[in-house]
Amino acid sequence: MMLSPSDTSFTKILPFSGDESLRRRFMVIDNAIEANVRFGLLLEVLDKVAEEAALTYVNRFHPEARVVTAAIDNIVVRNVTDLSRDMHFKARINHVGRSSLEVGIRVEQPGNPLKHIASCYFTMVARSGVGEEATSVALPGLEYSEEIELQRSAKALERREEYKRQQALLREPPNREEFEMLTGLHAAQDEPGFSGLLTGRLTADSWERMYPEQENVPEKIFGGYLIRRAYELSSICSEQVAPDRPIPTAVNRINFFHPVRMGDKLHYTARVVYTSGSFICVEANIERISCDRTTKALSNSCLFTFVNVDEELNHQPVPHVYPTNYGEDARYLAAHRSCQALIGHGRLI
């Protein structure tokens, strides 16, 4: 029997209003300030909600199967979180491919007025088996009975095509305006008394080993934990540029390339790659090194956008940053294009 998207609805509630210990766990600092929420922990919750919504659907047809996160599409933060109000994560499957699913999650805080925090889209893949023997499993599609369901499915396919277009654009050389922008950044470095911030020096990194207690699906580590750690390092890295206070305004895209296994060593690297006005883009990568040290691979690639704000959350300018070589130019240009696309989504924090 085919299911409709409404049959796949799943809701998780974080009861901040009545749970003091939960509020404290999600605080950045122990002070009454605006936007005082650990965004990395919210990313971890979001990934778990997407997994549970997708797994409930998949297990209807393949009881022994599991799901893994393949990608997280743009997350645009619309409003800051109020830790005195409960937070609802409302998930629903928008589209089912051969073995993949798009899970849409709306994050909101009920009340007067209702606060729409963000909308997120996760691509999950259904798998069966363990280790090298794991294979993708075929899934039945959804039955769309309402116009809004058809629209959401069409938008899911549109997001997939848009990502392909963005990847193709990244391989394109700079146009005239972009070339002049990069040329101006390099010319400025040759001026007497130049004291600008060089992107090659705006970095942070850390190492970590994965232990059995962190296992999620068989032999693999929970992806939500990894992106939380990548975000937290990126947040620290952004403070090298922000003269006031950087808060998250968007997750441009997170890709999951290789699974992380127990015993792996992880090398997290974060670098400021682009600034514009009050915005700061930080690229974070996670490289895994296998327990026997024979395999090294890029596990995750992330791009986070922060905005520098004052105590009233008014945007404040940040300094320009300057790339110095071809690799830094490429990252600067990619972040510039991604940031411009995000601004086109409309209102950001």
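The values are calculated or read from the model by the stated rules, or taken from the named source; none is laboratory data. Keep in mind that this is a model prediction, so the values were computed, not measured. No Cβ is skipped: glycine too gets one built from the backbone with ideal geometry, and neighbour counts run over all protein chains shown. Side chains included, ligands, DNA and RNA excluded: accessible areas come from the protein's heavy atoms. Shrake-Rupley method; radii C 1.70, N 1.55, O 1.52, S 1.80 Å.
Between the stretch 165-242 and the stretch 292-349, what is the C-alpha centre distance in whole Å? The stretch 165-242 and the stretch 292-349 have Cα centres separated by 6 Å.
Sorting 251-263, 229-241 by their mean Cβ neighbour count within 10 Å, with the most densely packed peptide first, gives 229-241, 251-263.
One way to sum up the overall shape of the chain is the equivalent ellipsoid from its Cα gyration tensor, whose semi-axes run 33, 24, 22 Å, largest first. Simple rule: put +1 on each Lys or Arg Cβ and -1 on each Asp or Glu Cβ in the chain, find the dipole, and look at 134, 55, 246; the Cα lying farthest toward the positive end is 134.
Assuming charge only on the beta carbon of Lys and Arg (+1) and of Asp and Glu (-1), the dipole of the chain about its Cα centre is about 520 debye to the nearest 20.
Helical content of the chain, expressed as a calculated mean residue ellipticity at 222 nm, amounts to -9500 deg cm²/dmol (DSSP H runs of 4 or more residues, -39,500 (n - 2.57) each, divided by residue number, nearest 500).
Of 339, 291, the residue with the largest accessible area leads and the full order is 291, 339 (1.4 Å probe).
The angle between the Cα long axis of helix 39-61 and the longest principal axis of the Cα atoms of the chain comes to about 30 degrees, rounded to the nearest 10. Using the average count of surrounding beta-carbon atoms within 10 Å as a protection proxy, the listed peptides 17-30, 276-289 rank, highest first, as 276-289, 17-30.
Protein heavy-atom surface of the stretch 157-215, 1.4 angstrom probe: 51% of the accessible area is carbon and sulfur, with nucleic acids and ligands not counted. From most to least packed by mean Cβ count within 10 Å, the peptides 172-184, 198-210 give 198-210, 172-184.
Placing +1 on each Lys and Arg Cβ and -1 on each Asp and Glu Cβ, with no other charges, gives the stretch 219-260 a dipole about its Cα centre of roughly 140 debye. A Förster radius of 22 Å combined with the Cβ-Cβ distance from residue 262 to residue 296 puts the calculated FRET efficiency at roughly 0.85. Taken as Cα centroids, the stretch 109-162 and the stretch 56-104 sit 6 Å apart, rounded to the nearest whole angstrom. Cross-link check: pairs 90/155; 90/164; 220/296; 164/296 evaluated at a Cα-Cα cut-off of 22 Å; pairs beyond the cut-off: 90/164; 164/296.
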